[in-house]
Amino acid sequence: MHPADATLEDMTEQNYMFNTAETGEHQRLLAHAQVWDPVTFRRLKSTGLGEGWRCLEVGAGSGTVTEWLAEQVGHTGHVVATDLETKWIRGLGSPNVDVVEHDIRTDQIGESVYDLITLRLVMTHLPDKLAVLGKLGRALVPGGWLLVEDYDMRVLPVFEPPDATCSKVAGASAEAIRAGGGDPYLGAKLPGLLSAAGLTGVETEAVAFPRRMPAIRSWRTQVAEMRDRLVGAGLVSADEVDLVLARFDDEYCELVVYGPLLVSARGRRPA
Ligand SMILES: C[S@@+](CC[C@H](N)C(=O)[O-])C[C@H]1O[C@@H](n2cnc3c(N)ncnc32)[C@H](O)[C@@H]1O
């Protein structure tokens, strides 16, 4: 599974409109998780996370990070997992997990409660990012950790070897997100946002998984789904999108695409 599998469609909405009727949504969330969990787990583990920690995961989605956190903190620790829609995390079954249906934009999460707070691919949906980060920072105990992960799509138009049409269509995807009120480059803004929210020791890393186009079937599906929107917005022609689709369909195509970067930014509440 490639990171781009779970990208473009979600990023076109500034405020996350969760369609519970959409049968593919759970699969989409699991696809996110399959790609990014190893990155997230490594970043969380290196904070020193362990037995007895009190953790909050905002926008837990399918709950794979929540379950992993519950194992790490053991029976002396505690994990709160929240989301606008909790149907996939409600039944997790770990005794040290509490599932809360909430909206991080408007609901309270307490002050000086958590040793660690994490959210992945959630911040992009929130209009007032600094206000939310301030709230998250205050919910940490002094010295507590905040990990925020979001995409930076600036490498989306990068193909090797270079291909002008593929780059144009990929760039148009990012532009469509921006035109829809989203920020395709949010990842790169996270260090500044975390610092502005008062966190200290902010450090960041970015991860991508470049792969050959024919190997990324579900990204082809997403380009096909976006075809009419991109063409309708006048960003690319139908022929250009079809040429990109043909590249995905050519098993001998050697073009490598990066997909989005996942920027993993973390900092601490001042002790
Ligand atoms: C792209 S999914 C990511 C899920 C999970 N964090 C992951 O990376 O696998 C975004 C999640 O954020 C949740 N979400 C969006 N806006 C939210 C809000 N205002 N408050 C709480 N959760 C929100 C959505 O319901 C969804 O589960």
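Sequence gap at least 6, Cα distance under 8 Å: using those rules, report the relative contact order of the chain to the nearest whole percent.
Once normalised by length, the contact order is 23 percent.
Using the Cα centre of segment 154-271 as the reference point, and only Cβ charges (+1 on K/R, -1 on D/E), how large is the resulting charge dipole? Debye, rounded to the nearest 20.
700 debye
Rounded to the nearest 500, what is the chain's calculated 222 nm mean residue ellipticity when only DSSP H runs of at least 4 contribute -39500 (n - 2.57) each, over all residues?
-11500 deg cm²/dmol
So if I take the centroid of the Cα atoms in segment 215-265 and the same for segment 85-143, what is the distance between those two points in Å?
33 Å
Which of the listed residues, Thr76, Ala271, Met213, is farthest toward the dipole's positive end in the chain, when Lys, Arg count +1 and Asp, Glu count -1 at the beta-carbon?
Ala271
Which residues' amide hydrogens lie under 5 Å from the amide hydrogen of Asp103, considering only partners 5 or more residues apart or on another chain, with H built in the peptide plane?
none
Using the Cα centre as the reference, give the magnitude of the dipole from point charges on the C-beta atoms of the chain (Lys, Arg: +1; Asp, Glu: -1; all else neutral), rounded to the nearest 20 debye.
Roughly 780 debye, rounded to the nearest 20.
Could you name the aspartates and glutamates whose alpha carbon sits less than 16 Å from that of Lys168, not counting residues in the same chain fewer than 8 places away?
Glu160, Asp228, Asp239, Glu240, Asp242
Name the most mobile residue of Gly52, Gly144, Gly182, meaning the one with the largest mean-square fluctuation, in a Gaussian network model of the chain with Cα contacts below 10 Å.
With Cα springs under 10 Å in the chain, the top fluctuation among Gly52, Gly144, Gly182 is at Gly52.
Identify the residues of segment 243-271 with backbone N under 14 Å of a label point that sits 7 angstrom from the Cα of Thr200 along the Cα-to-Cβ direction, or state none.
267-271
Which of the aspartates and glutamates could a cross-linker span from Lys135 if the Cα-Cα distance has to be under 13 Å and same-chain partners fewer than 8 positions apart are dropped?
Lys135 reaches Asp103, Asp107, Glu111.
R0 = 30 Å: FRET efficiency of Lys45 with Asp98, Cβ-based, nearest 0.05?
Rounded to the nearest 0.05, the efficiency is 0.85.
Pick out, from Thr200, Tyr114, Leu190, the residue whose Cα sits farthest towards the positive end of the charge dipole of the chain, with +1 on the Cβ of Lys and Arg and -1 on the Cβ of Asp and Glu.
Checked the options; the winner is Thr200.
Quick one: which residues, 5+ away or cross-chain, put their amide H under 5 Å from the amide H of Val113? H built at 1.01 Å from N.
Those lying under 5 Å, H to H, from Val113 are Leu140, Val141.
Quick check: from the Cα gyration tensor, does segment 178-271 come out rounded (a/c under 1.5), prolate or oblate?
Note, shape of segment 178-271 comes out oblate.
So which GluC sites (Glu not before Pro) in segment 47-97 pass both tests, a DSSP loop state and at most 10 other Cβ atoms within 10 Å of the Cβ?
Sparse-neighbourhood loop GluC sites (Glu not before Pro): Glu51.
Considering amide H positions built from the backbone, and no H for Pro or chain starts, which residues 5 or more places from Ala81, or on another chain, come under 5 Å of its amide H?
When sequence neighbours closer than 5 places are left aside, the close amide H contacts are Glu57, Asp98, Val99, Val100.
Among the GluC sites (Glu not before Pro) in segment 185-271, which ones are in a DSSP loop with at most 14 other Cβ atoms within 10 Å of the Cβ? Mind listing them?
Taking segment 185-271 and a limit of 14 other Cβ atoms within 10 Å, the loop GluC sites (Glu not before Pro) found are Glu251, Glu254.
Bear in mind these aren't lab numbers, they're just calculated from the coordinates by the rules spelled out. Just so we're clear, the structure is a prediction, and the values are computed from it rather than from any experiment. A quick note on method: Cβ atoms are made from the backbone with ideal geometry, for glycine too, and the neighbour counts reach across all protein chains shown.
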